[in-house]
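The values are calculated or read from the model by the stated rules, or taken from the named source; none is laboratory data. Not measured: the values here are computed from a predicted model. Using ideal geometry, Cβ is built from the backbone for each residue, glycine included, and neighbour counts are taken over all protein chains shown. Protein only, heavy atoms only, side chains kept; ligands, DNA and RNA dropped before computing areas. Shrake-Rupley method; radii C 1.70, N 1.55, O 1.52, S 1.80 Å.
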Amino acid sequence: MDVLTFSRLQFGDTAAFHILWPIMSIGLSLYMLVMEVAWLYTGNESYYRQLRFWTKIFILTFAMGTASGIPLQFEFGTNWAAFSAATGDFFGNILGFESTVAFALEAAFLGIFVFGWNKVGRGAHLFANAMIFVGATLSAFWIMAANSWMQIPVGVVVEGSKLIVSDYMAAIFNPGTIVSFLHMWVACIESTLFMMTGICAMVLLFGTRDTAQREFFLTAFKYCVALAIIIVPIQLGIGHVSGETVAKYQPAKLAATELHWDTNAPGTGAALNLFAWPAAEGGRNSFALAIPGGLSFITTVPQDGVVRGLNSFPAADRPTTLEATIVFYSFRLMVGIGVVLLLLMFAGAWYWGKGRLTLAKIDKHRVFWWLWVLALPLGFIATEAGWMVREIGRQPWVVYNLMRTSEGLSSNLNVVTVAATTIIFTLLYLIFGALFIYFTYRIVKKGPDLTTPV
Amino acid sequence: MIDLPTIWFGILCLQIALYILLDGADLGLGLLSLLPKKESEESLMMQTVGPIWDANETWLVIAAGTLFGAFPLAYSIILNALYIPVMLLLFGLILRAASFEFHTLAHNKKIWSLMFGVGSLMAIVGQGTALGGLLGGITIVDGQFAGGAFDWVTPLTLFITVGVAFSYAVVGYAYLIKKTSHEMAGNSFAHVLVAAGVTFVAFLTATLMLPQMQYVFLSRWSTAPANYLLFAIAGAIGLVSLLLCYDLLRKRHREHLHTLCMIIFVLAMAGMLVGVYPYLIPPMLTIQAAAASEKTLQFMLYGIAPLLPIVLAYNFYLYRVFRRHMGPSEREGY
């Protein structure tokens, strides 16, 4: 393997690991904010206990997010120097905004939020909580703006080897920014909610028999289901708009996502492949289970319109057969999980309406609770799969149709160094990931502190 | 009229200075935690850095963001050329961040405070070798790094790394004294004095080596007004250092030690700036040549510059909230 492959692996590895933590930081900070507002508004102690308990896990996710986020920023320079030099005018600038405006806000107020309970007033504490949430959200916005620009690079002109900004607002609010940001932001909240319900279900099924403790986790479960009822349907709508944006601006990515090889003739709708496997030599599928006319139906107006196939792009300008296959299955994994979570949300609402969400009835409905346990990691898997579609589907371009990934590489790197650092990153992250699960398990096992006076 | 690249260079220097002043103390504390000591002292150290270290590290992220945005060419060349030092810094920072949180949660705290120390050491060595590599010169051809992976391995880098490590140890120690009423280091004054001495010798040697490695420094340092400025700064550093030694020997004004250290740091950085200006990467790339387009610098100035005082203000607020001394038993929050 060469420097390019290892650098792609390294960035993919470190980004895939990093994204787990902001997902939880955004989701948990929203939950914490809702709880603190509810507590101060109603004076109900239950909200306060929720806030204090989930904060413990939030702190851990924030530390992991900081630890794994700093390397990503530097990797643009270490491994992708040519990309950084060419796009720094816009891309570096936006990352600058992210660190100055968003991350700094979050980091500074975290200290006050965590250590300041007896040092600042309640109003100031709530403000710190809100700033953490705002910081996390802004951070997601800037990152999505920068990434969307790599997908739809508008607002810049090519000057020599550099992309110089000609219109800032057009570049920041490129056609992908708002929808991608919302898609990711809602995914963060959704994934976190299903992680929390999974934890609650585990405690209720296998954990402590202490009634007060069980009541706490049942309450958390209900709050999460209530939030999920708002969030999950929204995601379906945003997901659809996101797909339309890809269809319009990145036709090669759409074709890869659907393993759609040959452009259909006008008036004959392109088929939607439910499952497909490409032939070894590429250029066609050796097997496909398809709905006739389906792809045109969901992506074009009129509904039997032309959808460009992969074969209509020069082989050097579109994802390889392997990349297309990964994108195809990642997309189906993401959508499949989205549907499963929607059904689970309905089941939760139904059980709630039927009055079955009580401690006494848990043992009668063990299957129901088991489903929530199994759903614990699904949101994260779906989010990772979505990013695979987004980033691998963009290949071979790092800046769509303007700069190839291979052109963005640093110069004079040797393969041993890059391979070694990739392995160290991966090992460190595997160990830290395992430790995070272990310490979260311990926090949950110990349970919330329900006795210390407020 | 000062031009935009110079303004942004000034902002960048300010951010790096803030990072070194703030995070230097907790990196130094991490280094000190590697020395043998009692468990209670160790917890106190971790407690001292608790509320502030992530806000401190923010300045590194902000400085890197500024360098990327305002001087993309320098960002790409420096990180490309100093791949190994930068990776060492990153691994150190990862280890520090994770072990700090694990330390508060784990039963076996020893291993995590050790990891915190090891992470700090790695981060410090990463910074020292990166600074050494940068000052020693980077080979650039056609706006790209054109040297080898180990170009930064020089005697100069060794001295600078030693200097950085020992100076952080001194400032970490001074910070600890300021923040604790605990008599935790009554008899280690001698150690600090030795550490301060090693810092002085290492940086002095490195300074003398520089003009021999790169002719550009020699000509720059021997012409007015740079030579007068450098002379004045060196004199000031000498004076403050003497004051520091005097206080140390007399074991008094212990709370002022940290302030004196900070003054020396600022003076040393000012000296480096005067010595290197107008180069961003000596001897090839000037501030002007590395800068982003006029439009970007302007946009960043309107967008980010007004926010920096706000970032400063909320960091200042954070420090005020946690200003007072910490007793050995004080542990609250979570």
Considering only residues of region A:431-452 that are over 13 Å from A:Ala63 (Cβ atoms), within 11 Å of chain B (Cβ to nearest Cβ) and of a type in the set (A, V, I, L, M, F, W, C), which is least open to solvent (accessible area, probe 1.4 Å)? A:Ile443
Kindly indicate whether A:Ile189 is assigned to a helix (DSSP H, G or I), open to solvent by 60 Å² or more (accessible area, probe 1.4 Å) and hydrophobic (A, V, I, L, M, F, W, C). no
Within region A:116-127, identify whether any single residue is surrounded by fewer than 22 Cβ atoms within 10 Å (Cβ to Cβ), of a type in the set (Val, Ile, Thr), free of Cβ contacts under 8 Å to residues at least 40 places away in the same chain and out of contact with any Pro (no Cβ under 8 Å at 6 or more places or on another chain), and answer yes or no. yes
Can you confirm whether B:Gly65 is at the interface with chain A (Cβ under 8 Å from one of its Cβ atoms) and more than 23 Å from B:Met272 (Cα to Cα)? no
Can you tell me which of (1) surrounded by fewer than 24 Cβ atoms within 10 Å (Cβ to Cβ); (2) within 14 Å of chain A (Cβ to nearest Cβ); (3) modelled with pLDDT of 85 or more is the one B:Pro51 doesn't meet? (3)
Pick from region A:156-165 the residues that are within 11 Å of another protein chain (Cβ to nearest Cβ) and in contact (Cβ under 8 Å) with a residue 12 or more places away in the chain: which of them is most open to solvent (accessible area, probe 1.4 Å)? A:Ser161
Just to be sure I understand the filter: pairs with C-beta atoms under 7 Å, separated by 6 or more residues or on different chains, first member in region A:329-340 and at positive phi, second member at pLDDT 95 or above and crowded, with 21+ Cβ neighbours inside 10 Å. Which pairs pass? none
Name every residue in region A:1-29 that is buried (at least 20 other Cβ atoms within 10 Å of the Cβ) and among the charged types (D, E, K, R), in order of residue number. A:Arg8
Listed residues A:Pro175, A:Pro233; which is assigned to a helix (DSSP H, G or I) and not hydrophobic (A, V, I, L, M, F, W, C)? A:Pro233
Pair list, Cβ under 7 Å, 6 or more apart: region B:132-146 residue under 19 Å from B:Thr207 (Cβ atoms), other residue hydroxyl-bearing (Ser, Thr, Tyr): B:Gly132/B:Thr154; B:Gly132/B:Thr157; B:Gly132/B:Thr161; B:Gly133/B:Thr157; B:Gly136/B:Thr154; B:Gly136/B:Thr157
Kindly indicate whether B:Met115 is within 28 Å of A:Arg442 (Cβ to Cβ) and either in a helix (DSSP H, G or I) or more than 10 Å from chain A (Cβ to nearest Cβ) (or both). yes
Which listed residue, of B:Ala202, B:Ala196, B:Ala206, B:Ala169, is at pLDDT below 85 and in a helix (DSSP H, G or I): B:Ala196
Test of understanding: among B:Phe91, B:Phe68, which residue is of a type in the set (A, V, I, L, M, F, W, C) and either buried (at least 24 other Cβ atoms within 10 Å of the Cβ) or not in a helix (DSSP H, G or I) (or both)? B:Phe68
Of these, A:Ser99, A:Ser68, which one is out of contact with any Pro (no Cβ under 9 Å at 6 or more places or on another chain), open to solvent by less than 20 Å² (accessible area, probe 1.4 Å), hydroxyl-bearing (Ser, Thr, Tyr) and within 27 Å of A:Leu227 (Cβ to Cβ)? A:Ser68
What tally of residues in region A:207-261 results from selecting those that are charged (D, E, K, R), over 27 Å from A:Ile152 (Cβ atoms) and open to solvent by less than 40 Å² (accessible area, probe 1.4 Å)? 1
Going through region B:207-232 one residue at a time, which ones are in contact with a helix residue (DSSP H, G or I) (Cβ under 8 Å, 6 or more places away or on another chain), without any contact (Cβ under 8 Å) to a residue 60 or more places away in the chain and of a type in the set (A, V, I, L, M, F, W, C)? B:Met209, B:Leu218, B:Trp221, B:Ala226, B:Leu229, B:Leu230
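One line per residue, one yes/no per condition, for (1) among the hydroxyl-bearing types (Ser, Thr, Tyr); (2) at pLDDT 85 or above:
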residue	(1), (2)
A:Glu75	no, yes
A:Ser84	yes, yes
A:Thr87	yes, yes
A:Phe91	no, yes
A:Phe103	no, no
A:Phe109	no, no
A:Ala128	no, yes
A:Ala136	no, yes
A:Ile143	no, yes
Is it the case, given these coordinates, that B:Ile281 is open to solvent by less than 30 Å² (accessible area, probe 1.4 Å), closer than 24 Å to B:Trp8 by Cα and touching a helix residue (DSSP H, G or I) at 6+ places or on another chain (Cβ under 9 Å)? yes
Take residues that are more than 14 Å from chain B (Cβ to nearest Cβ) and tell me which of the helices (runs of 4 or more DSSP H) falling wholly in region A:4-97 contain 2 or more. A:45-78
Give region B:79-111 a look and list any residue that's more than 7 Å from chain A (Cβ to nearest Cβ), hydrophobic (A, V, I, L, M, F, W, C) and more than 16 Å from B:Leu31 (Cβ to Cβ), or say none. B:Ala81, B:Leu82, B:Ala106, B:Ile111
Conditions (1) closer than 19 Å to B:Gly303 by Cα; (2) surrounded by fewer than 21 Cβ atoms within 10 Å (Cβ to Cβ); (3) among the hydrophobic types (A, V, I, L, M, F, W, C); (4) in contact with an Asp or Glu (Cβ under 9 Å, 6 or more places away or on another chain); number of the one not met by A:Met169: (4)
From (1) open to solvent by less than 20 Å² (accessible area, probe 1.4 Å); (2) at pLDDT 80 or above, pick out the condition that doesn't hold for B:Trp152. (1)
The residue from A:Phe425, A:Phe436 that alone is under 30 Å from A:Arg49 (Cβ atoms), at pLDDT 90 or above and not small (Gly, Ala, Ser) is A:Phe436
